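Single-structure report; data block below.
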Amino acid sequence: MLTKTQIEIMKIFVSKIDKKFSINEVAGVLRKPYALIHRSMQDLINNKFIFIDEKKLLSLNYKENFTELSLVESIRIKNYLAKEKSISLFIKDCLTEINEDFFIFLIFGSFVEKKKFNDLDLIIILDNKTKVEQTDKIIRNLASNFSFKIDLNVLSKESAYEMFSKREQTNILNESLNKHLIVFGGENYYKILSNARR
């Protein structure tokens, strides 16, 4: 079980999946004493939530602990949506209308990093490419009831694998690694990322 401090640490790492940090940087971001962060980090390293390299830089182990990573992601999205009532209502409508057993729903881009945003960038990943067009129509239809614009990308799982596997290529999924909020399907997001980058 993660402590409160460890959850705060993990929120930094899941928000910047392919970035590396020093303990000092993490302590600075959280405005917590170095000793507390160092102690909490040791448990995270020992339990393989975080990797440490030869330069003592820390990075997220996104290939294990999918349940815990998903939990941290769900805490992050709740914090964001508590401040944005219209976005929260839109997302609730979307989750009600998407009648799929498997899907991943993420917000990425400017909404994640800025207080003001021009549009809401969304990625929805489905298990079957035959469902892409229908889901796209449903979400666009729902969005027409709200005052903000959306930039919607509905993809199949196969497309997601392909995008993640091309690490150096600039594409929406690689961009989402460092500015995203997972609304739904956190475990599946991390499984796809892990399998695509073996």
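In table form, for the structure just shown:
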read-out	value
Count of the stretch 137-176 residues which are assigned to a helix (DSSP H, G or I) and polar (S, T, N, Q)	5
Complete set of residues in the stretch 79-124 that are within 16 Å of the chain's Cα centre (by Cα) and acidic (Asp, Glu)	GLU113, ASP121
All strands (runs of 3 or more DSSP E) inside the stretch 21-129 with 1 or more residues being closer than 17 Å to GLU8 by Cα and touching a strand residue (DSSP E or B) at 6+ places or on another chain (Cβ under 8 Å)	50-52, 58-60
So PHE66, is it closer than 26 Å to LEU155 by Cβ, not assigned by TED's automatic domain parsing to the domain that holds THR170 and not small (Gly, Ala, Ser)	yes
The stretch 73-109, subset touching a Lys or Arg at 6+ places or on another chain (Cβ under 8 Å), under 19 Å from ILE139 (Cβ atoms) and not acidic (Asp, Glu), residue surrounded by the fewest Cβ atoms within 10 Å (Cβ to Cβ)	PHE102
Complete set of residues in the stretch 68-93 that are more than 28 Å from GLN6 (Cα to Cα) and among the hydroxyl-bearing types (Ser, Thr, Tyr)	SER86
PHE103 vs. criteria touching a helix residue (DSSP H, G or I) at 6+ places or on another chain (Cβ under 6 Å), of a type outside the set (Val, Ile, Thr) and in contact (Cβ under 8 Å) with a residue 12 or more places away in the chain	no
So GLU187, is it at pLDDT 95 or above and part of a helix (DSSP H, G or I)	yes
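The values are calculated or read from the model by the stated rules, or taken from the named source; none is laboratory data. Quick caveat: nothing in here was measured; it's all calculated off a predicted structure. As a convention, Cβ positions derive from the backbone with ideal geometry for all residues, glycine included, and neighbour counts pool all protein chains shown.
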